[in-house]
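Working notes for the structure below.
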Amino acid sequence: MTESTYRIAGATGDWEVVIGLEVHAQVTSQAKLFSGAATAFGAEPNTQVSLVDAAMPGMLPVPNRECIRQAVRTGMAINARINKWSRFDRKNYFYADLPQGYQISQLYHPLVGEGSLAIEADEKAGIAEEKVIGIERIHVEQDAGKLMHDQHPTRSYVDLNRSGVALMEIVSRPDMRSPAEAGAYLRKLRAILRYVGSCDGNMEEGSMRADVNVSVRKPGDEFGTRTETKNVNSVRFVMQAIEYEAQRQVDVLEGGGRIVQETRLFNPDTGTTRSMRSKEDAHDYRYFPDPDLLPLELDDTFLDACRASLPELPDAKRARYEGLGITEYNAAVLTAEVETARWFDALLEAGAKPQQASNWVSSELFGALNRLGKSIEDSPVAPAQAAELLALVADGTISGTISKQVFEIMLETGDAPGKIVEEKGLKQTSDTGTIEAVIAKVLADNGDKVEQYKGGKEALFGFFVGQTMKAMQGKANPQIVNELLKKALG
Amino acid sequence: MSVDLTTVKRVASLARLAVTEAEAEALVPELNGILDWVEQLGEVDVTGVEPMTAVIPNTLRLRDDVVTDGDVRDKVLANAPQAEHGFFAVPKVIE
């Protein structure tokens, strides 16, 4: 494997940055991990809180099967070992957003063991070739409530709606060596989660956030001391946090200081990190097995059902598209977001030819959606209609140029392409007699250019094609125009 | 295993228990007595005995993913020393 060449130039030489990410992904479920309260985003404060979530005395947790199932499916999607026997532990600490005084998590026996995912080569980003990033584990745990500090001069407000919502904590190995690699890892992980359907990947709403572990070293040295920057909530911010933190560490080390293993906070407004200056013993969590919960034991029937329910994943889909003759670039673009891939698969199912369809989607459709400010799920043109349009081009009924015109009308009216072509009389003419007549007129009107062409200025051929097409409002079959023009200019 | 006065104070502080100096000193021998007693279990030979997680053989029960609870804000906030606009209101805890 080629190692990353990303380096931070210091006064004492080049430094390498070592990155590991702990991603907290909210599990897509109706109810919470251990209670029957709802998980929907944006509800009135404290209305989605059961007495279990509020940690009233005597309330007992009962795990939600769907949360376990989604975590198992996620584990399978990163080719990880699934532990048929796992257990919940209590992580003890006091904070205003944690009514229990402990978080139910999994330290000693996580649900999902070792796995990995591959990030693609991206020369522009300095990733020379595909790289496999190790994933140490995925465990299931409760989210905390939400604190608001800006509503009152002396009080913080606590909303427990998020308290007890299921999270997967996905812990990578310290395998990344540049901000770009970390960004690629996050994007890939997000894509997998969204394909699997175990997390909506919505970083703005906080359903995916990352703790960023960064250390620096001279290439070839042992790992340095790391810091952990908490709760960074976008790919761009993660990359910024790494850049800033790595440079800060190099400055500290070269200034004769040492790095303190600590928790830091990222400030998105300045792109900087600062120490949380928490008390030293704040990290003494005194984990122990939760006595309210028996070990979680899964049988083969459950695991088989999880496996059978997995969709085609990004890597497999990309390989399949490339196998259909779609370019590497288009295959990557079409598989990056699950909605795009779904739309494209529907287009193929409707009979569109893969290569033609992939070019059309990545140029025409994306262009139109961009212009309209719409996502592909809200595309005014459905896959079946698009397939019909592409078929009209493929069988020569309309030219590529006309197809753009038809597509515009489809976007506006929602009409079927066949109907539009019929009504507007946009069918392509392949009738040689008609085309020959137009060509004769074009040549007669441009006698000087014909002379120049015959005198060797062959680039003028395109001019004659253009004039002929123009005279026929783009409706001439371009291939036949070419042939007949060549003959006429012979 | 045994604990000293420092450990007792530290554990009390982690558990947010207000323990006076005199109480802490009294707790040292008490806690050590309990630890010694539990340590006697280590004398039992458990070679070949499977670890047991419950006295009655039982497996963890799971619930279906259905919303059956919540929407009890008044009950949830009933014991709060201070609540405003549907939130718990606590002393400012910004870091």
| Under 28 Å from residue A:475, Cα to Cα: lysines that are on another chain or at least 8 residues apart | A:353, A:404, A:419, A:424, A:427, A:441, A:449, A:454, A:457, A:486, A:487
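Show that you can apply the helix-only estimate: for chain A, add -39,500 (n - 2.57) for every DSSP H stretch of four or more residues, divide by all residues, and state [θ] at 222 nm to the nearest 500.
Here the helix-only value at 222 nm equals -11500 deg cm²/dmol.
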| Within region A:71-112, what residues put their amide N at less than 19 Å from the label point 7 Å along the Cα-to-Cβ vector of residue B:79? | A:93-104
| region A:455-490 residues near the modelled residue A:412 label - backbone nitrogen below 13 Å, point 7 Å along Cα→Cβ | none
| Positive-end residue of A:104, A:235, A:440, charge dipole of the protein assembly as shown with Cβ unit charges | A:440
| query | Put +1 on the Cβ of each Lys and Arg and -1 on the Cβ of each Asp and Glu in the protein assembly as shown; which of B:58, A:482, A:115 then has its Cα farthest toward the positive end of the dipole? | reply | A:482
| About the Cα centre of the protein assembly as shown, what is the dipole size in debye to 20, counting +1 per Lys and Arg Cβ and -1 per Asp and Glu Cβ, all else neutral? | 1680 debye
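Output the direction-averaged projected area (hull surface divided by four) of the convex hull of the alpha-carbon atoms of region A:18-118, in nm².
In nm², the orientation-averaged hull projection of region A:18-118 is 8.4.
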| Charges only on Cβ, +1 for Lys and Arg, -1 for Asp and Glu: so what's the dipole of region B:1-58 about the Cα centre, in debye to the nearest 20? | 360 debye
| said: Along the Cα→Cβ direction, 7 angstrom out, place labels at residue A:247 and residue B:61. What is the inter-label distance in nm? | reply: 5.8 nm
| task | Throw me the Rg/Rh for region A:432-488, computed over C-alpha atoms with Kirkwood Rh, two decimals. | result | 0.93
| remark: Final fewest-first order of A:379, A:172, A:430 on the 10 Å Cβ neighbour count is A:430, A:379, A:172
| request: Would you please give the residues with an amide H less than 5 Å from that of residue A:176, counting only those at least 5 places away or on a separate chain, with H modeled from the backbone geometry? | output: A:19
| request: May I ask you to evaluate 6.51 cos²θ - 1.76 cosθ + 1.60, the Karplus curve with θ = phi - 60°, for each residue of region A:194-200 and list the ³J(HN,Hα) values in order in whole Hz, giving x for glycine and proline? | output: 6, 5, 5, x, 8, 7, 7
| field | Ranked list, fewest to most other Cβ atoms within 10 Å of each Cβ, for B:34, A:119 | value | B:34, A:119
| field | region B:5-62 and region A:3-29: distance between their alpha carbon centers, rounded to Å | value | 41 Å
| field | Debye, to nearest 20: dipole size of region A:432-488, +1 on Lys, Arg Cβ, -1 on Asp, Glu Cβ | value | 80 debye
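Shape of chain A from its Cα gyration tensor (a ≥ b ≥ c, root eigenvalues): rounded if a/c is under 1.5, otherwise prolate when a/b > b/c, or oblate?
Because a/c hits 1.5 or more and a/b exceeds b/c, chain A counts as prolate.
List the relative contact order of chain A as a percent without decimals, with contacts defined as Cα pairs under 8 Å and 6+ residues apart.
Values: 864 pairs, mean separation 67.4, N = 490.
Over chain A, the number comes to 14 percent.
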| query | Cα convex hull of region A:1-46: how many Å³ per residue? | reply | 203 Å³
| note | Note on region A:72-156: contact order normalised by length, alpha-carbon pairs under 8 Å, 6 or more apart, percent, works out to 27 percent
| request: Give the relative contact order (percent, whole number) for chain B; include only Cα pairs under 8 Å separated by 6+ residues. | output: 20 percent
| remark: Given backbone amide H placed at 1.01 Å from N, residues whose amide H is under 5 Å from that of residue A:27, ignoring those fewer than 5 places away on the same chain, are A:166, A:167, A:168
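Dividing the convex hull volume of the alpha carbon atoms of chain B by its residue count, what do you get in Å³ per residue?
Residue-normalised Cα hull volume stands at 268 Å³.
Where a number appears in this text, it was derived from the coordinates with a stated rule and is not lab data. Since the model is a prediction, treat every value here as computed from it, not as a measurement. Note: ideal-geometry Cβ built from the backbone for every residue, glycine included; neighbour counts use all protein chains shown.
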